[in-house]
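This report concerns only the one structure given below.
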Amino acid sequence: MTVCPHCGGKNLPHATRCVHCGEEMGAFFAFDAQGTPEDENAESQGGSDSISEVLRSLREGDVFEPILGAASESPQEEPTEDESVEPEVTNSEQPSGPEWLRRIRQKAQQEENGTAENRDELSAVDREFNDWIARIREKTQREALNQARAADTAMPADASGTPEWLRKVRALNPQGQDDSTDGAAIGNEADEWEMEWTDERLRALREKALLEEPEIEQTRPGPGPGGEPGLAEEGIVAAAAGAVELPTETRPAEFHNIPDEEEPAESLPAAKALPEVTEPALEPEAEEEETPPSTEPAGEEAPTKIEEETPALEPILEQAGLASGVENLNPVEVTPDEPKPTGDAPSDLMLLRTQKDFAALLKSMIYQEGTHSSPAKATKAEPAGISRFVLAMLLLAALIATLIISPGNVVPSRMPTEAASAFADALGALGAQDQVLLVTDYQAATSTEMELLLPTVLKQLDAQQVTWDVLTTQPSGLWLTEALLEKVDPNNKPSVNYLPGGSFGLVPLANGLGSQTPLGEYASALPQGIQDLRDYDLILLACDSELQARTWMEQVAPWLPPGRIAVVSTMQTAPMLAPYYDSGQIAGYLAGLEDQAGEGAESAYFPARVFQVGLLVLLVLLLLGMIVKADQDTLQQIEKRGEE
Amino acid sequence: MSSVDLALGLVGVALTIMIFSYILGDNLFFRVGLYVLIGVAAGFSAAVVITKVIIPLLYVPLRTPGTPAFYWALVPLVLCALLALMLSPRLSQAGKIPLAFLSGVLAALALFGVSRGTLAPQLLATIGRFSPALLMQASQINWAGVIEGVLILLGVIATLFFFHHRQQVKQVGGGSLLDGMSSVGQIFMGITFGALFIGLYMTALVALISQLNWVKDFITSLL
Amino acid sequence: MKKGLPIAVAILSGLFVLAGLIFQPYLGPYLGLVLNWAVIVGSMALLVAIASLIIYHARSILTARKGFIFSIVILASFGLSLVGGLWLGVDNPAYLKWVGAIQRPLEVSLLGLVALIMTSAAVQVFRNRGWSPLTVSFGLSAIFFLLIALGLLQTLEVPQIATVIGYIRQLPLVGARGLLIGVAIGAVMMAIRVLLGSERPYSD
């Protein structure tokens, strides 16, 4: 019992507010290992006690009384969220604990580092300690199951279906749990819950549970219901620290992995309970939080001996490396958010994250039984590397040899495509009074191909005395355009304008949304000289990818009259530009070397014969691949027939 | 050739060889070349963004307090500050707000732009093949136009079908009609992929030949 | 509240931009302002991403992580490039020439490398994928477009061949249109989900 400092009324040890006067009770969320100076003094007096004596006193249950009392009464600051996230570090950095606790810690550390042989050499004290812990666990479990049964039958539910115990728990924490460490843990849990347990996953897990129930059962030392996978790994101590505020009535909701003789393991997790603990199950919970909390004090009856012992034991057990024991007492598992306060828990939620991963791995292994497996691919990797090297060297050698012997620098003239003809028409229709905007939206990688086409086009514009401005939408476009202009050497060299922001910048430019609002001017991203794309008779878009072309078609073209955009692009983009040309959204397009030849630019310097050799090599390799595959299939069929 | 051009040319040749050394497998030189590219590109992009966006659009307006431009710049200032907090792992949650702002704006632009710029025009262009003006020529049926229209419509539907339902067809099996539709879709997709594959190869080949040619020219000029 | 604020920001900003695009005569100036903010925030996002990259590599050097030598390379090239740009200005022709002289050969060579790697892909595509309508039509299409690019068919100068070539060149249009419509439908659905708050790319 805790006495309220304001009215003197009696409250439960874990109460955050007084049930009589409603005032704050003080800080409760403290690490039990972090004693106050008074505790340390008191404990230092008994520091010379042997572990056996400590254990004896532990059994009697009176040793933790001063610690618990100090924890609840001391003005220690509440652990922050960070502390709850990394509590182990905090505790391990506290060398000022009581002597007996330090010894237990040391022993636990030794046990952690020890090997299997060390475990065999347990001292009598250790065995005694372990036996005692086992007994506590059994007793707790039995108590919990009994209370669960009693709670199921005895606890009345209100009109909204909220059980009595749940209303009492809420009454103890009317502000919700956001401010507490425990609340933070729950909040995190809820986040992760949403993140992890989607409907699809639950469905898959449910199926998996039905398929693989025996395997999963064996890997179930995880936290209890609502013990979100991985939660125990991340915040055991935070949970243990918050255990102090747990109402005893909620213990039945706990679930653990200890085989129960009375309750067969198969009967505990029920796959059919799954739908009730998914997200929809939490929704009514949120609604219920708005109902006025009951002022009735909950659980006035004295807690049992074990219930007194367990909260303070948790940090010790945790420090001793007995995480599974602590997990059984995990307060997060028994919070009011629990959808079902019974011993029945969904089997899915019993899994730790690692265990879930193992289960998934096992499942995938079962699925892959008899199918093509990854090791087969791994064995293929090496020959593929060699063949890649050989083929690459073959192509490289062919290209270099042709380049040295006979590069053939003139690109042969071809029949122009329909789109290239339309592009030429659009360009030819421009006169001296027209304005064109050249937009360079390509990368340095494709600059060589773009620079095969663009100089011819720009020189034609110059010849027709068309005025043209330059805009780039890529940072690298600044130097790429400079390099391009050097090649073209125009009559009036335009300055290169930069438009940042991609789609964000294109829409204002297409609509002429300047820098003016009714409330005043702002610094606009639009270039000084180019404020509205509708001012231009033709926009010459030089882009090298389908994505950039699509961005222009979607963010700019709808705001302009049809056929205002003509595209100069690479050969890789040509197939994806065809639909836009067919629908009349672009006036025409040139795509790479093919159309450069169609434009009749014989003067362009490019080793065309080397290009043809490269194409020929690929043609041969493609045919070779087909022939090899056909040959393999034929051989396989012959082998099959032979076997038959 | 000036000394600067010579130095730049040598650097270019060295970097080219470093990248092509990947043919021998992933190695130190290839990685150094790659990291140089990342470093230079990142540094240049950062310099451009700072000098062309952050300074003129954010810093300059904030130097003139009391003006409308000053007040309008406060909003992006706050959003940028929240974004900068993402560099700290503890405060990274603050960056969700500016990212949410960008996501919302981008979603709206995409919704409006895609529907007006791709979806509607492409659907209309597919259906437009069946307009009477195209199908009738001098009161005669233009059979070539009809066949072309049907072929395109069928191809688009089959491709869309394969695009969206390939997993279902693969897992469940869809009966002869659905399988047939899926096969037609695969054929049209295959044709497009073949064209894209060759297009990409030709673009890459042009880049390869250009670079080899540039190295050859540079070495020739040295000799 | 913590969760709700980003969702509210995404929905409100998206709806406002949508309204601005539809009712442009009335909301146009404010739409321009909001998009201007987006340009600034987007640029800042790029800077934050670059800063994150640099911090990571700086930590690699300080902790002598495996491969920290590459971190030195990246930091040195980044530092030179950034300081040069800020000192000389990004419009300085000499600076641009230096950046181009480093970036162009690297990027062009990387793309050239793709051609070399694609040769082995061409051989293995049938071995790995087997025969299906997709692979067969892919192979035939690739061979046909290679022949066209080689210019061998055109040299025959037969008018019927030119007509056939013209028709076959139209065929990729069908698949490309199907792909574009498919991608567009996906993009519209995603955008609607973001505007309704059911999709939260900013929460990842």
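Read the figures in this text as sums done on the coordinates, not as results from a lab. Model, not experiment: these values are computed from the prediction. When we count neighbours, we look across all protein chains shown, and the Cβ atoms used for this are built from the backbone with ideal geometry, even at glycine.
Some observations on this one:
- Counting Cβ atoms of other protein chains within 10 Å of each Cβ in A:525-538 and taking the mean gives 1.
- Length-normalised contact order of segment A:499-644 in % [C-alpha pairs under 8 Å, at least 6 apart]: 16
- Helix-only CD estimate at 222 nm, as mean residue ellipticity for chain B, using -39500 (n - 2.57) per DSSP H run (n ≥ 4): -26000 deg cm²/dmol
- DSSP finds beta bridges in segment A:390-538, and of those with both partners inside it, around 15 percent are antiparallel.
- Whether chain C is rounded, prolate or oblate, judged on the alpha carbon gyration tensor where a/c under 1.5 counts as rounded: oblate
- For C:Ile72 and C:Val136, a Förster radius of 60 Å and the Cβ-Cβ distance give a FRET efficiency of 0.75, rounded to the nearest 0.05.
- Dipole of segment A:505-608, positive direction: furthest Cα of A:Leu540, A:Met553, A:Gly514, with charges on the beta-carbon: A:Gly514
- Per the Kirkwood formula applied to alpha carbons, segment A:381-487 shows a radius of gyration over Rh ratio, Rg over Rh, of 1.12.
- Segment A:503-590: C-alpha gyration tensor shape, a/c 1.5 cut-off, then a/b vs b/c: prolate
- Pairs of C-alpha atoms in segment C:1-88 farther apart than 20 Å represent 60 percent of all such pairs.
- With neighbours defined as other Cβ atoms within 10 Å of a residue's Cβ, the residues C:Trp37, A:Trp559 order from fewest to most as A:Trp559, C:Trp37.
- Size of segment C:131-197 as Cα extents on the principal axes (Å, biggest first): 60, 28, 17
- Förster radius 30 Å - calculated FRET efficiency between A:Ala630 and C:Ile117 (Cβ-Cβ, nearest 0.05): 0.80
- Chain B: relative contact order in percent, alpha carbon pairs under 8 Å with at least 6 residues between: 9
- Proxy reagent accessibility, fewest Cβ within 10 Å first, across B:Leu82, C:Leu86: C:Leu86, B:Leu82
- Taking label positions 7 Å along the Cα-Cβ direction at both A:Leu519 and B:Leu134, the computed distance is 4.9 nm, reported to one decimal.
- Each part reduced to its alpha carbon centroid, segment C:17-41 and segment C:85-129 end up 37 Å apart.
- Ranked list, fewest to most other Cβ atoms within 10 Å of each Cβ, for A:Ser515, A:Ser447: A:Ser515, A:Ser447
- Viscosity 0.890 mPa s, 25 °C: Kirkwood-radius Stokes-Einstein D of chain B over Cα pairs, µm²/s: 99
- Considering only alpha-carbon pairs that sit under 8 angstrom and 6 or more positions apart, the relative contact order computed for segment C:54-204 is 7 percent.
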